[in-house]
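The values are calculated or read from the model by the stated rules, or taken from the named source; none is laboratory data. Predicted model only: the values in this text are computed from it and were never measured. Please note: Cβ atoms are built from the backbone with ideal geometry, for glycine as well, and neighbour counts cover all protein chains shown. Calculation scope for accessible area: heavy atoms of the full protein, side chains included, ligands and nucleic acids excluded. Shrake-Rupley method; radii C 1.70, N 1.55, O 1.52, S 1.80 Å.
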Amino acid sequence: MGKVGYNYPMQESLLESKNSAPLAARLRPETLEEYVGQSHLLGEGKLLRTLILNDDISSMIFWGPPGVGKTTLARIIAHLTKSAFVDFSAVTSGIKEIKKVMEEAEERRRLGQKTILFVDEIHRFNKAQQDAFLPYVEKGSIILIGATTENPSFEVNSALLSRCKVFVLKGLSKDDVLTLLRRALTSPKGYGEMKIEISDENLSRIAEFSQGDARRALSTLEMAISNAKVKADGTFLIDEEDLEQVTSRKSLLYDKKGDEHYNIISALHKSMRNSDPDAALYWLARMLESGEDPLYVARRIVRFASEDVGMADPKAVELAVACYQACHFLGMPECSVHLAQIVTYLSLAPKSNSVYVAYENAAKDARNTPEAEVPLHIRNAPTRLMKDLGYGEGYQYAHDSEEKLTPMTCLPDELEGHEYYQPTEEGLEGKFKARHEAIKSWKKEHRK
């Protein structure tokens, strides 16, 4: 290998000779053959590919993480279907701008040309803006293609959503990203006319760093080349040290207010429920290392302690509350160990959802019988009138009996005999089950 040196004038002149547009923009695919990823939608015989090739496109929404090709795919569709392509922004467009674009689209329709209206980040449009699209979508003036990183079930008006086919785009695989990176090094649109030396191992590092985001991968490569050393023969050398500088601040895939936020807290909850401390600790770390509020996590854990452990280990909720208090006192990063401890404890604890199920069943009866009256014998009677009306008459004070029990009924008449709590044999709940059955048996016998 030739002597490595720093040749900044050569480096700057070579790079300045390239198109000033970002690498990701220069390499944007223009055909389905160039498009990388989404084989579940665009592979041979797959639905979306068939619709595109048959020019049978209707309004649709692309839902997926950043940098997977939502905008690119919309542009390819417009090109292949010979449609006018209008790129619309939620930030700069109001109702007035929407109506103007719709009038232009209607005029094209009369002349026989379709208009594809691409709305990036459609979840940022308010209800009024989204509603403004409806009549034009219904009339066929436009084919709406919306792109969103958020769950459209929550972020897109139901009326508009019902008129669109939702396609879920996935993050690119590591092999997909490597394909794009190698294309960038060989394509005339990229660095094909330059000498770039980078090992397969370092290309793999960029692919892993990108987390399935093509734009991030190409931007990282572009930055690495801009900061590369230049050998005596003009070759740009990207070594591990150079790469470390541009990948040192890795951003974890986690949006505290987005769909991924709910996916990961769900993953934590279900990992604990499945008694898998390793998975639970990983999902906990994903949240905390991405800047999640530890008190949010602690609150969810307090809920879990009763919903999924419950009477199998009644101390679980005490420990969960203690963890919440520790998080409140200390904050991050110190409280991470307390959260790790309680997550491990709850993962390994015996599980019972009997209390959760009992409440849900009781709540269903409560909603269905809002008029059910409190039995007279368990009503308070602080006044003479109430006593005259029979309030408290026949009440039996449990502490007056040796067993601390009475055969008195406490449910409304129409719910007599309903049972909600069905204890399991898990952990300590086995003891509560035996006690519960003994009480029911005693009451049944004494009511006779």
### Task
Please work out whether region 350-415 counts as rounded, prolate or oblate from its C-alpha gyration tensor, where a ≥ b ≥ c are the square roots of the eigenvalues and a/c under 1.5 means rounded, while otherwise a/b larger than b/c means prolate and anything else oblate?
oblate
### Query
Name the chymotrypsin sites (Phe, Trp or Tyr not before Pro) in region 110-182 that are in a loop by DSSP and that have at most 14 other C-beta atoms within 10 Å, would you?
none
### Message
Using a Gaussian network model on the chain with a 10 Å cutoff between Cα atoms, which of Arg28, Arg379, Arg216 fluctuates the most?
### Response
Arg379
### Query
Applying the Karplus parametrisation 6.51 cos²θ - 1.76 cosθ + 1.60 with θ = phi - 60° to the phi angles of region 381-398, what ³J(HN,Hα) value in whole Hz is obtained for each residue in order, glycine and proline being reported as x?
9, x, 10, 5, 4, 5, 5, 5, 7, x, 4, x, 6, x, 5, 10, 8, 4
### Message
Which one, Gly69, Gly171, Gly291, has the greatest fluctuation when you compute a Gaussian network model over the chain with C-alpha springs under 10 angstrom?
### Response
Gly291
### Task
Go ahead and set up a Gaussian network model of the chain, Cα springs under 10 Å, then flag whichever of Arg286, Arg367, Arg215 fluctuates most.
Arg367
### Task
Evaluate the chain: find the radius of gyration of its Cα atoms, find its Kirkwood radius, and give the ratio Rg to Rh.
1.15
### HN-Hα J in Hz across region 65-72 - Karplus 6.51, -1.76, 1.60, θ = phi - 60°, x for Gly and Pro
x, x, x, 9, x, 5, 5, 4
### Query
Tally Lys and Arg at +1 and Asp and Glu at -1 over the other residues with C-beta under 14 Å from the C-beta of Tyr397: what net charge comes out?
-3
### Summary
In the neighbourhood of Ile61 defined by beta carbon distances under 12 Å, the net charge of the other residues (Lys, Arg +1; Asp, Glu -1) is -1
### Summary
Counting only protein heavy atoms and rolling a 1.4 Å probe, one gets per residue an accessible area for the chain in Å² of 56 Å²
### Query
For region 298-448, what is the convex hull volume of its Cα atoms per residue in Å³?
167 Å³
## Note on the structure
Taking alpha-carbon centroids only, region 397-448 lies from region 133-210 a number of Å equal to 60 Å
### Query
In the neighborhood of Tyr35, defined by Cβ-to-Cβ distances under 12 Å, what is the net charge if each Lys or Arg adds +1 and each Asp or Glu adds -1?
+1
### Message
Below 28 Å, Cα to Cα, which lysines can Lys96 reach? Residues fewer than 8 away in the same chain don't count.
### Response
Lys70, Lys82, Lys114, Lys127, Lys139, Lys165
## Note on the structure
Helix-only [θ] at 222 nm, the chain, -39500 (n - 2.57) per DSSP H run of 4+, per residue, nearest 500, equals -15000 deg cm²/dmol
### Query
Quick one: if you take sqrt(5λ) for each eigenvalue of the C-alpha gyration tensor of region 103-224, what semi-axes come out, biggest first, whole angstrom?
39, 19, 10
#### Entry: Cα gyration tensor shape for region 59-129, rounded if a/c is under 1.5, else prolate or oblate
oblate
